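A quick write-up on the structure given underneath.
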Amino acid sequence: MRIVDVKVRVFRHTTRRHQDSAGHGHPGEPHKVKQGMLSIVCDDGSEGHCFGAPETIRPHLIETFVKKVLIGQDPFDRELLWQELAHWQRGSAGQLTDRTLAVVDTALWDLAGRALGLPVHKLIGAYRDKVPAYGSTMCGDELEGGLATPEDYGRFAEKLVARGYKGIKLHTWMPPVSWSPNVKMDLKACAAVREAVGPDVALMIDAYHWYSRTDALELGRGLEKLDFAWIEEPLDEQSTSSYAWLAANLDIPVLGPESAAGKHYARAEWIKAGACDILRTGVHDVGGITPSLKSIHLADAYGMNCEIHGNGAPNLVLAASAKNIRWYERGLLHPFLEYDDGFEYLNSLADPMDADGFVHLSDKPGMGEDINFDFINDNLVA
Ligand code: LLH
Ligand code: MG
């Protein structure tokens, strides 16, 4: 089997999610946004697909780098193809990013699963078929009745527990919220949520990502009193030393890195530096399923858990793939949005959750997404 084409479709769909001036998602009126889908096509008609932001799979990148590496190759040589793309990154002068690698690598896994008639978590070698989800809130806002006050977080947490979630992660207030960031308000929101849900629900925080060391320490010490399960990205992740300092000074587990560059190589350095207690990876953060698996197994070798960043089928597949992963991140959630409504371009939810808070893996071949090709083809951007 040989790869004969790499195609990109860009289409419009309707969403109620809007991005603020710093890139954080919030609810709003329905509007149209663009989405991309990359498809890898083989000479026997096999195809694999992955969704991605249109800019990460724009024609220049596909023609200049991706096709040069993929066309004529065996799609089952994922490691070779990933290494070739990763080496092209240097010569691309920064144009070819880990985001593009992630979409290509995930489409190759999807293709392999579809060609073999296997869900990708079974192809990897699954550890589980259902994963407990934590409800991951949107960042705080200034919307009345939204996520504007600690009490709003408390009320929303009660609803999430009633829906079945056994864990909740707060994204608290970040600029452009007028008065943020503010450690004391973060702690008030966390206290309100603990008060609302009681001692048995796992709670985590992902606060402002650029606190100073002393602010992050104050936040962490407050969270220890509230029995939080981890503190995530309170500092700029480019400073591994700052995370090592924080982890040495706190009892609460420090989780990371999520957004730091460097794929699994950077994660090895974080472990060596003692900069985290729980490792982090995500399909779109490190360049795909292939380097995420390396990160997860690296953590396993050091007796550490590795939690997966972000929702969607590829991250769910990862969450089912190893013992040292505790959760699937389901969200981002907000009182004004119904997450279970899903997306127009999928015929069914990629991450259906039962009343006990477990998200079930699909038994469909490939990544498990039930793609609505008719919707995509009817809504193509010229
Ligand atoms: O800052 C944000 O908007 C969130 O932190 C977002 O990036 C979210 O995806 C995340 O970090 N989840 O863990
Ligand atoms: Mg995060």
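Summary of values
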{"quantity": "Residue among Val193, Gly312, Gly91 farthest towards the positive dipole end of the chain, charges placed on Cβ", "calculated": "Gly91"}
{"quantity": "Per-pair calculated FRET efficiency, R0 = 30 Å: Lys34 and Ile71 via Cβ, rounded to 0.05", "calculated": "0.70"}
{"quantity": "Estimated vicinal HN-Hα couplings, Hz - region 163-170 in sequence order (Karplus 6.51, -1.76, 1.60; Gly, Pro = x)", "calculated": "6, x, 4, 9, x, 9, 10, 8"}
{"quantity": "Ellipticity estimate at 222 nm from DSSP helix runs (n ≥ 4, -39,500 (n - 2.57)) divided over the chain, nearest 500", "calculated": "-10500 deg cm²/dmol"}
{"quantity": "Label point at Lys225 placed 7 Å out along Cα→Cβ; residues across region 137-163 whose backbone nitrogen lies under 18 Å", "calculated": "150-151"}
{"quantity": "For region 3-136: relative contact order, % (alpha-carbon pairs under 8 angstrom, 6 or more apart)", "calculated": "24 percent"}
{"quantity": "Net length gained if the chain between Arg16 and Ala261 were fully extended (0.36 nm per residue, minus Cα distance)", "calculated": "85.2 nm"}
{"quantity": "Virtual paramagnetic centre 7 Å along Cα→Cβ of Arg90, amide N under 20 Å, in region 239-282", "calculated": "261-269"}
{"quantity": "List Asp129, Asp98, Asp200, ordered by accessible area with a 1.4 Å probe, largest first", "calculated": "Asp200, Asp129, Asp98"}
{"quantity": "Accessible area expressed per residue, region 181-288, with surrounding protein chains retained (probe 1.4 Å, Å²)", "calculated": "39 Å²"}
{"quantity": "Size of charge dipole - the chain - debye, nearest 20, with Cβ of Lys, Arg +1 and Asp, Glu -1, no other charges", "calculated": "580 debye"}
{"quantity": "Contact order normalised by residue count of region 269-382, Cα under 8 Å, 6+ apart, percent", "calculated": "18 percent"}
{"quantity": "For the chain, the longest site-free run once GluC sites (Glu not before Pro) in DSSP loop states with at most 14 other Cβ atoms within 10 Å are removed", "calculated": "145-337"}
{"quantity": "Label point 7 Å beyond Cα of Gln238 along Cβ direction - residues of region 245-287 with amide nitrogen under 12 Å", "calculated": "260-261"}
{"quantity": "Student exercise, region 96-241 dipole from Lys, Arg, Asp, Glu Cβ charges, in Debye to nearest 20", "calculated": "580 debye"}
{"quantity": "Rounded percent of accessible protein surface that carbon and sulfur make up, the chain, 1.4 Å probe", "calculated": "50 percent"}
{"quantity": "Dipole-positive endmost among Asn182, Phe156, Leu170 within region 151-235 (Cβ charges, Cα centre)", "calculated": "Phe156"}
{"quantity": "For the chain, projected area of the alpha-carbon convex hull averaged over all directions, nm²", "calculated": "17.8 nm²"}
{"quantity": "Ser39, Ser362, ranked by accessible area, largest first (probe 1.4 Å)", "calculated": "Ser362, Ser39"}
{"quantity": "Separation of alpha-carbon centers, region 327-370 and region 19-90, rounded to whole Å", "calculated": "22 Å"}
{"quantity": "The chain, relative contact order in percent, only Cα pairs under 8 angstrom and at least six apart counted", "calculated": "19 percent"}
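The values are calculated or read from the model by the stated rules, or taken from the named source; none is laboratory data. These numbers were taken from a predicted model, which means no experiment stands behind them. Backbone-built Cβ (ideal geometry, glycine too); neighbour counts: all protein chains shown. We work out accessible area using only protein heavy atoms, side chains counted, and drop any ligands, DNA or RNA first. Shrake-Rupley method; radii C 1.70, N 1.55, O 1.52, S 1.80 Å.
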